[in-house]
Amino acid sequence: MATEELVLKITGLKTNFYTYEGVVLALDGVELFLRRGDTMGLVGETGCGKSVTARSILRLVEPPGKIEEGEIIFFDSDDRSGKITPIDLLQLHPEEMLHVRGKRISIVFQDPATFPNPVFRIGTQIAESVLLHQDLSREVVEMKIGEMRNSLTGDLPEERRSQVVEKIRYYEQQLDEPPEPDDKDKKKAAQIVAEEMLKLVKMPSPSSVMMQYPHELSGGMRQRALIAMALVCNPEILICDEATTALDVTVQAQVLNLLNELKKEIGASIIIITHDMGVVAETCNWVSVMYAGTTVESCATVDLFANPVHPYTAGLLTAVPKLHDTRERFPQIRGTVPNLITPPSGCRFHPRCDYCTEICKKEKPELKEHRPGHWVACHNPLS
Amino acid sequence: MSDDILVKTRGLKKYFPLTGGVFRKVIGKVHAVDGVDLDIARGETLGVVGESGCGKTTLGRTILRLLTPTDGTIEFDGVDITEIKGRELRETRRNMQIIFQDPMASLNPRVTVKNSVGEPFIVNRIARGPRMRDLVLALFLKVGLTEDHLNRFPHEFSGGQRQRICIARALALNPKFIVMDEPTSSTDVSVQAQTLNLMKDLQDEFKLTYMFISHNLSVVKHMSDRLAVMYLGKIVELTPGDIFREAQHPYTFALVSAVPIPDPKFAGRAQLLKGEVPSPINPPRGCRFHPRCIFCRDICTREEPELRDVGDGHLVACHFAGELDFGESVQQEYAVALADM
Ligand SMILES: Nc1ncnc2c1ncn2[C@@H]1O[C@H](COP(=O)(O)OP(=O)(O)OP(=O)(O)O)[C@@H](O)[C@H]1O
Ligand SMILES: Nc1ncnc2c1ncn2[C@@H]1O[C@H](COP(=O)(O)OP(=O)(O)O)[C@@H](O)[C@H]1O
Ligand code: SF4
Ligand code: SF4
Ligand SMILES: [Mg+2]
Ligand SMILES: [Mg+2]
């Protein structure tokens with residue numbers, strides 16, 4: 001995979017949790033790559049490490065958890081010049097990480113109840129975030145021009161009118177190199193931008209939502225507000241961790257459509273963490289499958305559904321309830337998810353695998369390009 | 001015929017008072033369940049679907065008399081249980097159980113799972129001590145847990161295992177009827193498949209009758225013999241057929257169309273439902289769905305449609321049931337594609 005297309009590349013990521021019962025080897029060499037403009041699905045059973053991977057990318061793993069080794073390269077592109085700078089997120093100073101987290105890479109969590117602060121109005125919270133992340137000097141000038149233009153309507157004495165027109169011209173000259181605005185103007189501009197964000201996520205009656213508190217919104221509206229907040233800083237990468245799981249199908253459909261539209265508009269790359277293969281099929285063009293802390297398969301979505309190559313993926317796909325089957329038993333993968341304190345040796349899937357051979361018990365399979373554009377970590381890949 | 005009916009409700013309503021202001025005065029009513037007529041046959045699984053807040057959980061809990069109905073009647077096993085109390089109610093409850101969405105919340109974290117599952121034996125003075133332990137072990141083996149799980153605490157189990165513990169507890173008193181409220185929505189596909197298969201096996205073994213509540217249409221459909229669709233406290237469609245192909249109520253059709261299809265060939269679908277569920281405090285007049293319905297006509301804003309049989313036990317509450325043309329849907333195309341395979 002040519003690196004110039006990539007926006008994120010994770011190699012050999014290991015994250016452990018040092019618990020009372022023992023060391024949980026949660027991530028054991030995760031490999032991921034995300035291309036610019038792609039929407040990648042990250043799928044796998046409960047506890048396979050999807051959320052820990054997301055948290056590791058943002059360096060949000062808290063004790064007793066610790067990122068042990070690996071590389072997370074973020075290919076940041078400058079908004080203006082388009083110049084691309086590779087940054088190893090794991091080597092960044094915590095200060096510098098603050099400039100990446102929530103600014104270049106944003107995350108929306110599973111629970112729509114996790115609004116940052118339940119006691120502040122939605123508008124205040126989004127505007128706060130705008131103030132924190134955006135240089136509003138240009139917006140302030142635009143706001144002033146807008147105000148002046150508005151004052152031009154109606155009856156104005158000719159003298160006053162020409163004064164205003166002159167003022168507008170003066171501000172328009174500032175647009176190229178806007179001066180540092182004062183705090184009051186900045187706050188006002190932040191409110192305007194916040195409302196724009198709510199419009200962008202198709203929030204019904206955005207101006208009244210600005211004045212409401214998180215608990216007054218429905219789950220779907222809250223999720224939209226969270227997405228708006230995550231987009232405030234125009235991130236390069238947006239990570240949605242089960243962002244639609246708790247929602248009704250109808251609301252979920254609205255939010256997924258929204259993500260699809262937004263991608264075109266803001267040009268971000270998206271990682272969708274989900275265990276719903278329907279969501280993957282509808283929104284993602286690429287998909288990575290995880291099993292017990294490892295990446296087992298990675299390819300185009302169409303390819304995965306048509307020709308899964310890893311035995312685990314094949315099992316996972318048959319376990320998805322088909323909409324049109326009649327009442328019958330659900331196909332299931334035999335056995336259960338392993339405990340990660342004493343994970344199985346070699347291939348972590350081997351105790352549940354029908355294709356397991358001797359080597360599988362001893363050697364961990366590496367993620368390799370099995371055929372062009374289709375990566376798999378298995379000693380005996382199907383087909 | 002009526003012998004085959006285990007649960008029967010007529011005009012069942014459950015309103016919650018809505019309080020507000022400094023003095024917590026009643027300022028309105030939440031019409032959570034608003035006139036439900038339902039027959040559940042012995043041994044069948046009735047699926048109930050609908051958007052969050054439409055009253056699924058309230059319906060289940062009211063049938064079990066965990067909530068007092070506001071109006072209407074409930075018959076269980078031929079007996080009117082709408083107003084029974086005390087001993088009689090306790091006796092009846094032994095035959096009816098509920099399994100909740102979040103298994104962690106329904107287990108006491110400080111009690112071993114043996115004691116949690118054995119509690120009904122003690123409360124009902126059936127068994128204690130070693131005899132209780134044997135009974136619990138028998139249940140554990142039935143649901144695929146083992147002897148060394150007995151003395152552990154809930155946090156030591158995975159989501160799927162905890163769900164099994166709750167199932168074991170629900171089975172303890174040998175019930176006839178079990179309400180499953182979103183039993184698998186907190187687990188993922190593979191665990192979900194195991195849990196659902198287990199419930200089907202148990203149903204056959206113990207001749208259980210299920211009411212299966214979920215907002216996951218494909219799962220409900222798999223589990224159910226008949227499917228009821230709820231909207232704002234009412235059943236709008238009830239069918240023994242394939243809801244994905246034969247939906248007749250505009251709401252059901254919209255709901256079905258919103259289900260993501262696990263096949264990228266069918267990505268991209270029309271968004272048929274605008275807006276969110278209206279408030280159950282003041283449900284719209286006439287047909288409750290009319291503000292969101294693209295087929296709405298004059299009569300819909302005035303008259304509430306009855307739930308009527310359109311053939312083969314397929315009930316629909318729409319003035320124009322059978323006359324509406326929904327056009328092609330992605331779901332139908334998908335069904336055809338699957339049939340061709
Ligand atoms: N704070 C923690 N302490 C100990 N172990 C942890 C902690 N957080 C996560 N783990 C372990 O790390 C592994 C991966 O967890 P993770 O939350 O990433 O799973 P997931 O794939 O997101 O699952 P789900 O689909 O349920 O969200 C699991 O074995 C989990 O038990
Ligand atoms: N104890 C209660 N007090 C007041 N309102 C309630 C109570 N329980 C449920 N409701 C309301 O009744 C309606 C139906 O709720 P519920 O049956 O839980 O829906 P569902 O299970 O379909 O999501 C909702 O508007 C809900 O807010
Ligand atoms: S490496 Fe071996 S055990 Fe692992 S998935 Fe492949 S065949 Fe199965
Ligand atoms: S009765 Fe009228 S408004 Fe209601 S679902 Fe039928 S067509 Fe739509
Ligand atoms: Mg997670
Ligand atoms: Mg509910």
| request: Calculate how steeply helix A:158-174 sits against the longest principal axis of the alpha-carbon atoms of chain A, using the helix alpha-carbon long axis, and give the answer as 0 to 90 degrees to the nearest 10. | output: 30
| task | Answer with one residue from A:Asn234, A:Val255, A:Met221: the one whose Cα lies farthest towards the positive end of the charge dipole of the range A:209-262, charges on Cβ with Lys, Arg +1 and Asp, Glu -1. | result | A:Met221
| note | A chain fully extended from A:Gln174 to A:Asp155 at 0.36 nm per residue, minus the present Cα-Cα distance, gains in nm 4.1 nm
| field | Where a label projected 7 Å from the Cα of A:Glu369 along Cα→Cβ would reach, residues of the range A:3-23 with amide N under 14 Å | value | A:3-6
| query | Ignoring ligands and nucleic acids, what accessible area does A:Tyr355 show with a 1.4 Å probe (Å², nearest 10)? | reply | 110
| request: Anything over 25 Å Cα to Cα? Flag those among A:Lys50/B:Lys221; B:Lys8/B:Lys234; A:Lys202/B:Lys221; A:Lys66/A:Lys264, in the order listed. | output: A:Lys50/B:Lys221; A:Lys202/B:Lys221; A:Lys66/A:Lys264
| message | Could you tell me the ratio Rg/Rh of the protein assembly as shown? Both radii from Cα atoms, Rh via Kirkwood. | response | 1.00
| query | What whole-number value in Å² describes the accessible area per residue of chain B for a 1.4 Å probe? | reply | 45
| Given a Förster radius of 22 Å and the C-beta distance between B:Glu306 and B:Arg285 as r, what FRET efficiency does 1/(1 + (r/R0)^6) yield to the nearest 0.05? | 0.90
| remark: Percent antiparallel among DSSP beta bridges confined to the protein assembly as shown, rounded to 5, stands at 65
| query | What's the average, rounded to a whole number, of partner chain beta-carbon atoms within 10 Å of each residue's beta-carbon in B:250-263? | reply | 5
| said: What is the sum of charges, Lys and Arg at +1 and Asp and Glu at -1, for the other residues whose Cβ falls under 10 Å from the Cβ of B:Cys318? | reply: -2
| message | Restricting things to Cα coordinates, could you compute the convex hull volume per residue of the range A:237-383 in Å³? | response | 143
| Cβ-placed point charges (K, R +1; D, E -1), dipole of the range A:137-180 about Cα centre in debye, nearest 20 | 140
| field | Rounded to the nearest 20 debye, dipole of the range A:1-138 from Cβ charges on Lys, Arg, Asp, Glu | value | 420
| request: Compute the long axis of helix A:137-152 from its Cα atoms, compare it with the longest principal axis of the Cα atoms of chain A, and write down the angle in degrees, 0 to 90, nearest 10. | output: 40
| request: Within a 10 angstrom radius of each residue's Cβ in A:273-280, how many Cβ atoms of other chains show up on average? Whole number is fine. | output: 4
| Cα-based helix-to-principal-axis angle, A:183-200 vs chain A, degrees rounded to 10 | 50
| Å³ per residue enclosed by the Cα convex hull of the range A:126-229 | 117
| message | Given the whole protein assembly as supplied and a 1.4 Å probe, what does the accessible area of A:Leu317 come to in Å², nearest 10? | response | 20
| Of all accessible surface on the protein assembly as shown at a 1.4 Å probe, what whole percent is carbon and sulfur? | 51
| task | Compute for chains A and B the buried accessible surface, both sides summed, probe 1.4 Å, and express it in Å² to the nearest 100. | result | 4000
| said: How would the range B:86-186 be classified by its alpha-carbon gyration tensor: rounded, prolate or oblate, with rounded meaning a/c under 1.5 and the a/b versus b/c comparison settling the rest? | reply: oblate
| remark: Heavy-atom accessible area with a 1.4 angstrom probe orders B:Arg308, B:Arg302, A:Arg59, B:Arg125, most exposed first, as B:Arg125, B:Arg302, B:Arg308, A:Arg59
| field | Shielding by other protein chains, A:249-261, mean Cβ within 10 Å | value | 5
| note | Rounded to 0.05, the calculated FRET efficiency for the beta carbons of A:Asp354 and A:Val302 at R₀ = 25 Å is 0.50
| query | For A:Lys187, which lysines qualify as cross-link partners when the Cα separation must be under 20 Å and same-chain residues fewer than eight apart are set aside? | reply | A:Lys103, A:Lys144, A:Lys199
| task | Keeping all protein chains in place, calculate the accessible area per residue for chain A (probe 1.4 angstrom), answer in Å². | result | 46
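The values are calculated or read from the model by the stated rules, or taken from the named source; none is laboratory data. Just so you know, these numbers come straight off a predicted model, no measurement behind them. Glycine also receives a Cβ, built like all others from the backbone with ideal geometry; neighbour counts cover every protein chain displayed. We work out accessible area using only protein heavy atoms, side chains counted, and drop any ligands, DNA or RNA first. Shrake-Rupley method; radii C 1.70, N 1.55, O 1.52, S 1.80 Å.
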